[in-house]
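The values are calculated or read from the model by the stated rules, or taken from the named source; none is laboratory data. Worth saying up front: this structure is predicted, and the values here are computed from it rather than measured. Neighbour counts run over all protein chains shown; Cβ positions are idealised from the backbone, glycine included.
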Amino acid sequence: MLALAYGGYSPVKAEGKNYSDYVNPLMGKLSEHQLSTGNTYPAIARPWGMNFWMPQTGKMGDGWAYVYDNYRLRGFKQTHQPSPWINDYGMFAIMPVKGMKINEEERASWFSHKAEVAKPYYYSVYLAEHDIIAEITPTDRAAYFRFTFPETDEGYIVIDSYDRGSYIKVIPEENKIIGYTTRNSGGVPENFKNYFVIVLEKTPDSWSVWKDGKVCDGKELQDEHVGALIGFKTKRGEKIQARVASSFIGFEQAERNLKELEGKSFDQVKEEGRKVWDKTLGVFDVEMDLDEMRTFYSCLYRSVLFPRRFYEFDASGKPVHYSPYNGKVLPGYMFTDTGFWDTFRCLFPLLNLAYPSMNAQIQEGLLNTYKESGFLPEWASPGPRGCMVGTNSASVVADAIMKDITPKEIQEALYEAMLKTANDCHPQVKSTGRFGYEYYNELGYVPYNVGINESAARTLEYAYDDWCIAQVGKKLGRSASETDLYLKRAHNYKNLFDPSHNLMRGKNKDGQFQSPFNPLKWGDAFTEGNSWHYTWSVFHDVKGLQNLMGSRETFVHMLDSVFAVPPIFDESYYGSVIHEIREMQIMNMGNYAHGNQPVQHMIYLYNYAGEPWKAQYWLRQTMEKMYRPTPDGYCGDEDNGQTSAWYVFSSLGFYPVCPASDQYVIGAPLVRKATVNLENGKKIVITAPDNNSENCYIKKLKMNKKEYDKNYFTYEDLIKGVTLQFDMSDKPNTQRGTKAAAFPYSMSE
Ligand code: CA
């Protein structure tokens, strides 16, 4: 009930409530190429589920498959899409219709968001032109459909196996349809297929197969674009149910996956889905204003979808997966559909803190990826995709090993995988491994003028990734000569620092800086950002960066300048204003570009320079301005949980600036109260009773009832259970956190 209300009373307590009722799966749907407010779709799924389902407004193959201001639905699509830019694979669609309307134009129906219910675990909509209500409730690998028909002799369910090579077979004696789709957007072996099985709970009156939208004779078709048309004579209000499952392994496994629904009614599966979501979301029990609660749980929902399970359970109940790398069926876990360039920053640290057993499985999946492909993944969907830069898999692996979330017996092997990935490059997919590693290892940077794009961004991220490798090497007792090499390389960020601008700048092979240089130019030596955004990508050595700038005061001045410089930009590298630039321009926060990932840790850096109150101010500004629980709710691409997990952490009052260190840098909580129910049974209890939109500053902080004067918490502090009492004020406390002893970790300390 609370979820239906909007605004008005506050604060709200979530405890004992259905957390999933606060989630708005439509947050971020009012997006298009030129302006993203999230570029998300309503993922109707289980947390980290292998298959998601979504209503489809876009045409077949369009990555913008559900856009809020489109008014017609073409079907309900099984989707595995991580982002519209990466697009989908293994998709097929189901659509109930009145009348023989097969292709996606004919069958499309007007609908209203007011006649739509979207929950993480359930979706329903009224398809106006067919006078049919469609409902879906999924499990990890299967889904239950319920269609409420009008009185008609021409009720149909269209099954669309999609184009580019598909298969369909109707099996009337078993009330069953099977088929497969081969649709993908790259990153799959030759033999890739998604095999599906659909079982109807009412015996149909007619069975047909179709090709290119035209009904054909027979019961089976394999061609470019095929599907099935199943006919029913229905009474008004008659409900027809269908159970659906799929597998990347084969039809037999798809039948096995269908057992996730065995012995359960539609409503039982729906209730089970609600409980699973409430339990997952309920790890965080927060108290804030109602709108903020809706934002918080919508963000948390986005934080526990990716990377998705890409494994299934065999006849003996053991995990097994189709390898998106070599096309074989192999034992063990596999996960996919995330880009580490985005998610290393705080999504994986969130999993390590709040959902460590899930990340332990993911780490096993990463080792399998290495065994099957020779590399750790960087952008996988489902196999390697050419996208973004860095070898930030090192951060994802290191944070989990340093916190002993990774099973001990695979830590060595993952470390070897990190070393290999840091000293090689995928022959076809240059964003896997390290593009330019030969230059980097020899010169200490990737040169600007040797045909390797975004070279400065690569150098900065490689240097941090090398610090990550060194940490794990030390933990695992590797030789000093090895760890020293990576520690030395962790200083490589210094090679790109230009003291004449106090900024990072591309450097040519001969040691000269790139010229001309415009600090406001997006892309070029950087990735989807400018030098003002990327200069801060020294997660492991902020003190070292301060030293390069000359003083703490200069460093703070440079941070201040990001907000003070008007939102002017140079888009010439791209030839047009990319959406990330536009999202910065329209927010009236200067050159601060929270809509993209490179700068998302920047505000926290005031804590390393003795002016934490500035972080507190800007964090509150960002939380209040950049996030809403509405269809235009994000300030840029959400990106597989990263931008959402930022809000989850920041609302609690801390953030993992340097994953693989043991520290979380303190911000300023938005919650009035929060309890994080850790897997080990301990609790992090945060109170900030005076919080309101004026009181954004920390006056005083107590840890376990004792005054606490540092600008960070440690993993140890949090994981053993802790109470954190924040006294909030509308005036900055310019005395707290100002001394070097209070500052977070830097390698140069
Ligand atoms: Ca992004």
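Taking strands (runs of 3 or more DSSP E) as the structural unit, those lying wholly within the range 136-242 and holding at least 1 residues that are under 26 Å from GLY327 (Cα atoms) and of a type in the set (Ser, Thr, Tyr) correspond to 166-171, 176-181, 194-200.
Counting residues in the range 536-552 that are in contact (Cβ under 8 Å) with a residue 60 or more places away in the chain, in a loop (DSSP other than H, G, I, E, B), within 16 Å of the ligand (Cβ to nearest atom) and hydroxyl-bearing (Ser, Thr, Tyr) gives one or more.
Residue by residue, here is whether (1) of a type in the set (Ser, Thr, Tyr); (2) outside any loop (DSSP other than H, G, I, E, B) holds:
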{"position": "MET50", "(1), (2)": "no, no"}
{"position": "GLY61", "(1), (2)": "no, no"}
{"position": "VAL67", "(1), (2)": "no, no"}
{"position": "ASN70", "(1), (2)": "no, no"}
{"position": "SER83", "(1), (2)": "yes, no"}
{"position": "GLY90", "(1), (2)": "no, no"}
{"position": "PRO96", "(1), (2)": "no, yes"}
{"position": "LYS101", "(1), (2)": "no, no"}
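Suppose the filter is of a type in the set (A, V, I, L, M, F, W, C), at pLDDT 95 or above and under 35 Å from the mean Cα position of the chain (by Cα); does VAL199 pass it? Criteria met by VAL199. Residues in the range 375-426 that are in a loop (DSSP other than H, G, I, E, B) and under 23 Å from TYR440 (Cα atoms): 15 in all. Within the range 636-667, the set of residues being more than 17 Å from the chain's Cα centre (by Cα) and more than 21 Å from SER393 (Cα to Cα) comprises SER651, LEU652, GLY653, PHE654, VAL665, ILE666, GLY667.
So that you can scan it fast, the table gives a plain yes or no per residue for (1) more than 14 Å from the chain's Cα centre (by Cα); (2) within 16 Å of the ligand (Cβ to nearest atom):
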position	(1), (2)
GLY327	yes, no
THR343	no, yes
ASN352	yes, no
SER357	yes, no
GLU364	yes, no
PRO377	yes, no
ALA380	no, no
PRO384	yes, no
VAL389	yes, yes
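Is it the case that some residue within the range 698-710 is among the polar types (S, T, N, Q), in contact with a helix residue (DSSP H, G or I) (Cβ under 7 Å, 6 or more places away or on another chain) and in a loop (DSSP other than H, G, I, E, B)? The answer is no, given that none of the residues of the range 698-710 is among the polar types (S, T, N, Q), in contact with a helix residue (DSSP H, G or I) (Cβ under 7 Å, 6 or more places away or on another chain) and in a loop (DSSP other than H, G, I, E, B). Can you find a residue in the range 577-587 that is in contact with a strand residue (DSSP E or B) (Cβ under 9 Å, 6 or more places away or on another chain), of a type outside the set (A, V, I, L, M) and not in a helix (DSSP H, G or I)? Checked against the condition, which is being in contact with a strand residue (DSSP E or B) (Cβ under 9 Å, 6 or more places away or on another chain), of a type outside the set (A, V, I, L, M) and not in a helix (DSSP H, G or I), the range 577-587 yields no hits at all.
If the condition is being over 30 Å from PHE192 (Cβ atoms) and out of contact with any strand residue (DSSP E or B) (no Cβ under 7 Å at 6 or more places or on another chain), then the range 239-276 contributes GLY263, LYS264, SER265, ASP267, GLN268, GLU271, GLU272, ARG274, LYS275.
Within the set ASP285, ASP267, the sole residue that is touching a residue at least 60 places away in the same chain (Cβ under 8 Å), surrounded by fewer than 23 Cβ atoms within 10 Å (Cβ to Cβ) and not in a loop (DSSP other than H, G, I, E, B) turns out to be ASP285. Can you name the residue in the range 634-655 that is in contact with a helix residue (DSSP H, G or I) (Cβ under 7 Å, 6 or more places away or on another chain) and assigned to a helix (DSSP H, G or I) and is also farthest from the ligand (Cβ to nearest atom) among such residues? Going through the qualifying residues, I end up with SER651. Applying the criterion of being over 15 Å from PHE517 (Cα atoms) and either surrounded by fewer than 18 Cβ atoms within 10 Å (Cβ to Cβ) or over 22 Å from the mean Cα position of the chain (by Cα) (or both) to the residues of the range 569-581, the residue that is farthest from the ligand (Cβ to nearest atom) is GLY575. For the range 402-429, filtered to residues that are in contact with a Leu (Cβ under 6 Å, 6 or more places away or on another chain) and small (Gly, Ala, Ser), the residue that is surrounded by the most Cβ atoms within 10 Å (Cβ to Cβ) is ALA417.
Pairs linking a residue in the range 586-598 that is free of Cβ contacts under 8 Å to residues at least 60 places away in the same chain to a residue that is within 15 Å of the ligand (Cβ to nearest atom) and in a helix (DSSP H, G or I), with Cβ atoms under 6 Å and 6 or more positions apart or on different chains, are HIS594/MET626.
Selection of first residues in the range 215-237 that are touching a residue at least 12 places away in the same chain (Cβ under 8 Å) and surrounded by fewer than 15 Cβ atoms within 10 Å (Cβ to Cβ) and of second residues that are of a type in the set (A, V, I, L, M) and in a loop (DSSP other than H, G, I, E, B), restricted to Cβ pairs under 6 Å at least 6 apart or on distinct chains, gives an empty result.
Is there a residue in the range 622-633 that is buried (at least 24 other Cβ atoms within 10 Å of the Cβ), on the phi > 0 side of the Ramachandran plot and within 16 Å of the ligand (Cβ to nearest atom)? No: zero hits.
Looking across the range 584-612 at every residue that is more than 16 Å from the ligand (Cβ to nearest atom) and crowded, with 24+ Cβ neighbours inside 10 Å, the one that is farthest from TYR297 (Cα to Cα) is identified as ALA609.
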